[in-house]
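Only one structure is covered here, and it is reproduced in the block below.
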């Protein structure tokens, strides 16, 4: 399994939808296949990629995320969260670029603009 296989396995809307459904609750193959907008070919193609990438496992008729899959799912949710806050993050970057602000002022700015505690901590700790 390569990094490229992992990214390819979760690179389209159908794969993301199926991956999230499995993450939310173990799903049966019938449950996943019955979702609107997913053909049998699309289902089998996506499931093979998710399985080959080591993201999911099958126990009988149930699919579940592997430990690796749970980590990738978490990273995917962080990506969604960051994307949802993109404009606020851009505003923070613009203020920081045009004003010479101290670390404390920067932390206060982030605290004021970002309402998500986890995202706030990540932003403050990577700068």
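The values are calculated or read from the model by the stated rules, or taken from the named source; none is laboratory data. Nothing here was measured: the structure is a model prediction, and the numbers come from that model. So basically every Cβ, Gly included, is an ideal-geometry build from the backbone, and we count neighbours across all protein chains shown.
Numbers for the structure displayed
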{"quantity": "Answer residue from the stretch 23-41, given it is farther than 25 Å from residue 74 by Cβ and part of a helix (DSSP H, G or I) and is modelled with the highest pLDDT among those", "calculated": "41"}
{"quantity": "Residue count, the stretch 114-126 (criterion: in contact (Cβ under 8 Å) with a residue 24 or more places away in the chain and either exposed (fewer than 12 other Cβ atoms within 10 Å of the Cβ) or farther than 30 Å from residue 7 by Cβ (or both))", "calculated": "1"}
{"quantity": "Among residues of the stretch 8-24, those that are out of contact with any helix residue (DSSP H, G or I) (no Cβ under 7 Å at 6 or more places or on another chain) and closer than 12 Å to residue 50 by Cβ, counted", "calculated": "6"}
{"quantity": "Within the stretch 61-78, considering residues that are surrounded by 15 or more Cβ atoms within 10 Å (Cβ to Cβ) and touching a residue at least 40 places away in the same chain (Cβ under 8 Å), the one nearest to the chain's Cα centre (by Cα)", "calculated": "76"}
{"quantity": "Filtered residues of the stretch 102-117 (kept if part of a loop (DSSP other than H, G, I, E, B) and touching a helix residue (DSSP H, G or I) at 6+ places or on another chain (Cβ under 7 Å))", "calculated": "114, 116"}
{"quantity": "Tally, over the stretch 59-70, of residues that are within 14 Å of residue 21 (Cα to Cα) and either outside the structural domain of residue 7 (by TED's automatic domain parsing) or at pLDDT below 90 (or both)", "calculated": "2"}
{"quantity": "Single unsatisfied condition, residue 44 versus (1) closer than 23 Å to residue 15 by Cα; (2) in contact with a helix residue (DSSP H, G or I) (Cβ under 7 Å, 6 or more places away or on another chain)", "calculated": "(2)"}
{"quantity": "Residue 96 being closer than 30 Å to residue 126 by Cβ and in a helix (DSSP H, G or I)", "calculated": "yes"}
{"quantity": "Condition met for residue 81 (loosely packed, with under 12 Cβ neighbours inside 10 Å, within 30 Å of residue 115 (Cα to Cα) and out of contact with any strand residue (DSSP E or B) (no Cβ under 9 Å at 6 or more places or on another chain))", "calculated": "no"}
